[in-house]
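First the structure, in the form of structure tokens, and then the observations on it.
The values are calculated or read from the model by the stated rules, or taken from the named source; none is laboratory data. Everything numeric here is computed off the predicted structure, so don't read it as measured data. Don't worry about glycine lacking a Cβ; one is built from the backbone with ideal geometry, like all the others, and counts go over all protein chains shown.
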Amino acid sequence: MSENRPNSVVYRPGSPLRDPAGLFRKLGADLLACRELAWRLLVRNISARYRQSLLGYFWAIFPPLATTAIWLFLTRERVVTISTGAVPYPVFLITGTILWQTFVDAIQIPVRVISESKSMLAKINFPREALPLTAFAECWFNVGIRALILAAAYMYLGFTPAATVGFAVAGLFAIILLGVMIGVFLSPFALLYQDVSNGLVLICQIWMYCSPVIFLPRTDGWIGLLNRWNPISPLLCQTRDWMTTGSHEFLPAASSVFLLTCAGMSAAFLVYRIGLPRAIERLSS
Amino acid sequence: MSQPILSVRNVRKRFCRNLKRSLWYGISDIAGDLIGRPQQDLTLRRDEFLAVDDVSFDVYPGESVALIGRNGAGKSTLLKMVNGLFLPDAGEIQVNGRLAALIELGAGFNPVLSGRENIYVNAAVLGMTRREVDRRLEAIVEFAELSSFIDMPLKNYSSGMRVRLGFAVASQLEPDILLIDEVLAVGDAAFRAKCYRRLSELMEKGTAFVLVSHSHHTLLTVCQKGVAMERGRMFASGPVRETLESYESRLNASGSETISLPAHRQAVDGMPCQILDVFFRDEKGRVVETPSTGNCASFCVLARSPEPMDDVSLDVVIRSPGHGVANVLSVTAGQDEQRRSIPEGTFEYRLALNPVCLPPGQYTAKISLNRKPLHTLAIAEAISFNVSTGHPFGDSLFFNARDWEVVAA
């Protein structure tokens, strides 16, 4: 329904994959064309969310703070003992949970944004790439809020971050990209089946305990195996190290995950672009 | 003639009746597309049917085409494919020009935000840039007649106000072809007139229209061409008047010839009386299969009562598939202060229509016998009947009994 739409289009049956070059060209053009719409939707989502809520931005920081509080309590009471090397445990913990929450957001926000746009998708032809873009930007908005909380926490705990803390932005970028990739990939299916959103919540909870969020990464045993094959693990550890110890230990692994994520992102957008009209035809009517 | 602005060629689309299966087919279609399955696949899987079956038509610049058909005929599905929401399963749709659709007004509206903020969101969804909206904001607010409410949250708007805002934003588009699906049946009369004025401005500028409406009056005044569909198939196309006529005659032919009472005509639980039959009598008192427009006929209800009763009213509500949920006719003997006494046993309650003013077509009636308001003695619903063509009728909404004369003045 855009006035800027190209002047001639043909709708034909069959998979758009038969012309991959054309498909990627259109995908790129649409991604460029929808920036303004994405921005508009972002402003709408954020202002609407916080206008109808008494506690406002609190909800963006509550989950990591709660996890931190629980685990601090558990370690103080010596229910569990966790060694985190040079970094004080509270710092390690709050940094890890905030990074983890950023990742979970990045998976869930695209799914949420797209599900919430159901009726719009079913009735209006607009550049649909705007929705993942909006989700991506919303993740950064949340990162901004959490960064303030983290800074306050560091100050309170009397912790000085490592000189490499600036690199953390790159780490966050990789974390968000990985999450959004998963979210974008899942969203056509989430439009069809409610189970996807429900399942995501559960899976993310389990996933957290398979990731080095509240403990140091291990190399031995089952946890070691899980940590090694867990794509978020090197990204999370490297970003946390940049913020706390300044070590580059996980950089090679994190870089390979990042490169794979970039490739995966194109695949996810492909699934999105092909899958969405198929989901929409099942929604409408 | 120049190149068509919209060309629909042998388009087909499958749909599934069963939701669970439909969703599963959705997954398998996505998988099929991702592995690049054959270009055309028209095998009908279980519970599937063709919602659009071999439809072809062209729309030329400046032309208006009516899509005619009953609910579920496939009109909206076809419009959605033309709008590019999803692809056809067979055939081809070519659009040469900027296309806009008035299918849903106010897309992307958020109730918490103010009217002004929502204008920006809605306009962005419709493809307008921020600068364009800045320039047109005043015109939009003025068109919607909402200047004093524009900074109020949308959730405090009435539904009519929301529609006005939605249309005001959409009215800023200047497409080459505009798809309209029933959205104009909303708002008050004055605003509707304004919408039509805006559409006629667009028409003068050469915008082509594809219009879905159940109002034959609208279709006849706006469109030149018609495409009539039934169960996904196109059975008539051409000049709009002829297409509408063949649609109507088909409607009449497909319906049953006589009045049919639904199967549950036996006494409804707890109802003292029982409706046995419903039929028409002509002016000579003969039972007729169909009354005809412009001639006198009586709507007769044969019923049985266990005892004599006073002050009984016959209520008749008549609807037509062409008019949605609105009543075509709703009359009660009670409101006319014409309540009647009924005897014990079988009796016939007659409503004389002098003459029958309903246009030819298919109708459904709901009748009830009532003693007091809400005290229902008997009820029968979904009684279908046809009215056939009697007097010359034209494209009026109803038949008006009339005389013509000229007197010297």
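Checked against the criterion of being of a type outside the set (D, E) and at pLDDT 90 or above, the candidates B:V331, B:V325 yield just one match: B:V331. When the stretch B:32-71 is filtered for residues that are at pLDDT 90 or above and facing chain A (nearest Cβ under 10 Å), only B:A51 remains.
Is there a residue in the stretch B:172-179 that is of a type in the set (V, I, T), part of a helix (DSSP H, G or I) and under 28 Å from B:A73 (Cβ atoms)? Give the steps one after another, and end with the answer.
Keep residues of the stretch B:172-179 that are of a type in the set (V, I, T), which gives B:177.
Checking the rest, the ones that are also part of a helix (DSSP H, G or I) come to none.
No, the conditions are met nowhere in the stretch B:172-179.
Every condition in (1) more than 9 Å from every other protein chain (Cβ to nearest Cβ); (2) without any contact (Cβ under 8 Å) to a residue 24 or more places away in the chain is met by B:L19 except one, and the failing one is (1).
Checking the structure you have, find out if any residue of the stretch B:390-402 is in contact with a strand residue (DSSP E or B) (Cβ under 7 Å, 6 or more places away or on another chain), closer than 24 Å to B:K284 by Cα and either outside the structural domain of B:H214 (by TED's automatic domain parsing) or not in a strand (DSSP E or B) (or both). Explain how you work it out, then say what you get.
Kept after step one, since they are in contact with a strand residue (DSSP E or B) (Cβ under 7 Å, 6 or more places away or on another chain), are these residues of the stretch B:390-402: B:390.
Checking the rest, the ones that are also closer than 24 Å to B:K284 by Cα come to B:390.
Filter once more, so that each one left must be either outside the structural domain of B:H214 (by TED's automatic domain parsing) or not in a strand (DSSP E or B) (or both): B:390.
For the stretch B:390-402, residues in contact with a strand residue (DSSP E or B) (Cβ under 7 Å, 6 or more places away or on another chain), closer than 24 Å to B:K284 by Cα and either outside the structural domain of B:H214 (by TED's automatic domain parsing) or not in a strand (DSSP E or B) (or both): present.
For the stretch B:85-116, give me each residue that is under 28 Å from B:S158 (Cβ atoms), within 7 Å of chain A (Cβ to nearest Cβ) and not β-branched (V, I, T). Spell out how you get there, then give the answer.
Here is the first cut: in the stretch B:85-116, the residues under 28 Å from B:S158 (Cβ atoms) are B:100-116.
So of that shortlist, the ones also within 7 Å of chain A (Cβ to nearest Cβ) come out as B:100-101, B:103-104, B:107-108, B:110, B:112-113.
Answer for the stretch B:85-116, where residues must be under 28 Å from B:S158 (Cβ atoms), within 7 Å of chain A (Cβ to nearest Cβ) and not β-branched (V, I, T): B:A100, B:A101, B:E104, B:A107, B:G108, B:N110, B:L113.
Does the stretch B:106-115 contain at least one residue that is within 24 Å of A:G275 (Cβ to Cβ) and not basic (K, R)? Quick ask: steps written out before the conclusion?
First pass over the stretch B:106-115, keeping only residues within 24 Å of A:G275 (Cβ to Cβ): B:107-108.
Add one more test, that the residue is not basic (K, R), and what stays is B:107-108.
Among the residues of the stretch B:106-115, at least one is within 24 Å of A:G275 (Cβ to Cβ) and not basic (K, R), which makes the answer yes.
Only residues that are among the aliphatic types (A, V, I, L, M) and either within 14 Å of chain B (Cβ to nearest Cβ) or without any contact (Cβ under 8 Å) to a residue 40 or more places away in the chain (or both) were counted in the stretch A:41-99, giving 14.
Scan the stretch A:248-285 for residues that are of a type in the set (G, A, S) and within 14 Å of chain B (Cβ to nearest Cβ) and the total you get is 7.
Which of the residues belonging to the stretch B:72-84 are at positive phi and more than 7 Å from chain A (Cβ to nearest Cβ)? Write out each step before concluding.
Just the residues of the stretch B:72-84 that are at positive phi, to begin with: B:72, B:74, B:84.
Of everything in the stretch B:72-84, those that are at positive phi and more than 7 Å from chain A (Cβ to nearest Cβ) turn out to be B:G72, B:G74.
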